[in-house]
Ligand code: DGJ
């Protein structure tokens, strides 16, 4: 039993392998949070709450004689604005009379096997089982608002999934101005807040800062989760490092604007809240209607940041990612974007495909520029009609001929966008999000289509289906190349304009759900100018996401390092590109570019016809090698061995098979030295009692982990290594 209810004290304890989470329907039917941490016996932990009369902390009316009962400091499970809790709130409800208040009291609970779902939203799924669900109902008797808190408990991976449903059982509409996914109150503030900031071409840079009094928050107001902040944050003890210490990870399964805020209060308690970005948001809830928040996954590790990442990677791979490519082999692809940009014909693409086939590459992806009038990025979006004149053939003929060469065929689309210079815009200017009487904010010369509108979505979906039905397309890259602004829908009344952004995200999810269901054999890759929408919400629909438009191997070390805290490498689209690199102008060895790109869903982003013969030979070997290690890379345990942000001269990482019989140690030496000092890399995740062969020598696992391996002196800048590590059953000298 992962969920234990103790009737007399009305205490709920959620037990996972190594953690406990506890709450209690306490006095005055207030749902209190009691504990989240290392696993304990299901003992009522409310003895730890120090009750005191804290001046300027008001009391519930029923508790007026007890000046120690104040929502201003008591730990909550779902905090509300307007009821005397002045800390960060989850729910801000404006009632029909204008009062801004919800006062939620415990009503009842439900426990069942399996995992709850959320209509229209991504949610962790049953996977191979093991879930239990607790629903706790709370109500505000004055307005008739009922809030159901969902807790999905996955014991094996120390996961607690949380979400909330708000139902208006009253007679009058209620306006929700803020409705977040969860609140977590912790009894102290001796923790660091870790988050992942960035920009276009430099996403998910880790930053770790001690908590301080007041609020620390990250978020996005861009309508997408964004390059700039990521809806994944960590709270960890100051002493926590990769290998030890307590860490809590919080991943929001949402691809739109979001907030994640940690607040330290007057008595040094910490509250973390996370959910839909409240700026500009409002939602009219009519009597009888329900609103569901996005889901958040809470994961705890007592074994440091690595332990946290290992749990999250398994969670995403087994319980988030769906469909055929959750487990099926994903082909090594070549994408023509950096090879040709908009300057291609069908024959030129077939030249690339032909040579790629000879080198062992398995799929050609035709990127931007194949449709409408699209020879630059200033026109054509929305006109999803094949430009046969430019291709010199139909898309079907191109796909068939690519298939004839032995390659699969994939295609780029950017369905959420509309160019000002497009037939679609000329026919339906009101289909773009734009505020009345204002010219609008334009980015990459494009507007955003109003995906909150059903007619807009069905037009685009039908156009995409015509393309997908017309040729043998086995992969789709779903791009999105601007932040959303001018948030106004011509189809919604004034009082509903605050709903547009969330309705947009729901519309996006609906279309992705339709298309992934209708085309179960297509591999979908997410993209938003690289990793501008690299979140767990998108990974529910697209098992991999183009990690960054920055393909420079050295910068990618940082980007992929930051990404690895929350996401498995199988989710990371990563390609070998040409040098000098198109984004940084840096030159790195061809082999090093492969070392870095192989830590992901692997491919190429260059014109193979322009490679030297030695490089072509290298491609053949790389594809063979990647296929050999595919299962280890995609399904194994991933360890960050050294950080690109520390003082180490090598950035190293390791994949270890679940049975610890095999590993692959990879890395890049990022700094050369005269009279060089030794570079030692300590391995992790092996069996200390086993023996392993590395580069022809057999070592005890304990030596490899405690002592490490000594790298040879690098003979060139940005030299990289990929060392297979194999268990040796009997001691032999001839390995
Ligand atoms: C941004 C993507 O990240 C690139 O890979 C490429 O597809 C361009 N868009 C095409 O416009």
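Some notes on this structure:
- Selection of strands (runs of 3 or more DSSP E) fully inside region 469-585 by the criterion of at least 3 residues being farther than 29 Å from residue 641 by Cβ returns 475-478.
- For region 395-407, the condition holds for no residue, the condition being that it is touching a strand residue (DSSP E or B) at 6+ places or on another chain (Cβ under 8 Å) and closer than 20 Å to residue 533 by Cβ.
- Exclusive hit being closer than 24 Å to residue 630 by Cα and either surrounded by 12 or more Cβ atoms within 10 Å (Cβ to Cβ) or without any contact (Cβ under 8 Å) to a residue 40 or more places away in the chain (or both), set 711, 686: 686
- Looking only at region 387-407, residues that are within 30 Å of residue 329 (Cα to Cα) and surrounded by fewer than 20 Cβ atoms within 10 Å (Cβ to Cβ) come to 9 in all.
- Applying a threshold of 6 Å to beta carbon distances and a minimum spacing of six or more residues, or different chains, the list of pairs starting in region 601-617 at a residue that is within 26 Å of residue 530 (Cα to Cα) and in contact (Cβ under 8 Å) with a residue 12 or more places away in the chain and ending at one that is part of a loop (DSSP other than H, G, I, E, B) and away from the ligand (no atom under 15 Å from the Cβ) reads 601/330; 602/332; 603/332.
- Qualifying residue in region 395-415 (condition: assigned to a loop (DSSP other than H, G, I, E, B), under 26 Å from residue 523 (Cβ atoms) and within 15 Å of the ligand (Cβ to nearest atom)): yes
- Across region 515-553, the qualifying residues are those that are within 16 Å of the ligand (Cβ to nearest atom) and free of Cβ contacts under 8 Å to residues at least 40 places away in the same chain, and the one among them that is surrounded by the fewest Cβ atoms within 10 Å (Cβ to Cβ) is 552.
To keep it simple, each residue is scored yes or no on (1) surrounded by fewer than 22 Cβ atoms within 10 Å (Cβ to Cβ); (2) within 16 Å of the ligand (Cβ to nearest atom); (3) at negative phi.
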residue	(1), (2), (3)
590	yes, no, yes
594	no, no, yes
607	yes, yes, yes
615	yes, no, yes
651	no, no, yes
658	yes, no, yes
669	no, no, yes
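- Scanning region 17-33 for any residue that is within 18 Å of residue 132 (Cβ to Cβ), touching a residue at least 40 places away in the same chain (Cβ under 8 Å) and in a loop (DSSP other than H, G, I, E, B) turns up at least one such residue.
- Some residue of region 333-346 being away from the ligand (no atom under 15 Å from the Cβ), under 30 Å from residue 420 (Cα atoms) and either in contact (Cβ under 8 Å) with a residue 40 or more places away in the chain or assigned to a loop (DSSP other than H, G, I, E, B) (or both): yes
- Evaluation of residue 128 against the conditions (1) farther than 19 Å from residue 314 by Cα; (2) within 27 Å of the chain's Cα centre (by Cα); (3) surrounded by fewer than 17 Cβ atoms within 10 Å (Cβ to Cβ) shows that the sole unmet condition is (1).
- Residue in region 416-432 that is nearest to the ligand (Cβ to nearest atom), counting only those that are assigned to a loop (DSSP other than H, G, I, E, B) and out of contact with any helix residue (DSSP H, G or I) (no Cβ under 7 Å at 6 or more places or on another chain): 422
- Residue in region 62-81 that is surrounded by 15 or more Cβ atoms within 10 Å (Cβ to Cβ) and assigned to a helix (DSSP H, G or I) present: yes
- Any hit, region 199-220, residues being part of a loop (DSSP other than H, G, I, E, B), modelled with pLDDT of 95 or more and within 21 Å of residue 179 (Cβ to Cβ): no
- Test: residue in region 374-385 that is more than 16 Å from the ligand (Cβ to nearest atom) and over 23 Å from residue 617 (Cα atoms): yes
The values are calculated or read from the model by the stated rules, or taken from the named source; none is laboratory data. What you see is a predicted model, and the numbers here were worked out from it, not measured in a lab. Neighbour counts run over all protein chains shown; Cβ positions are idealised from the backbone, glycine included.
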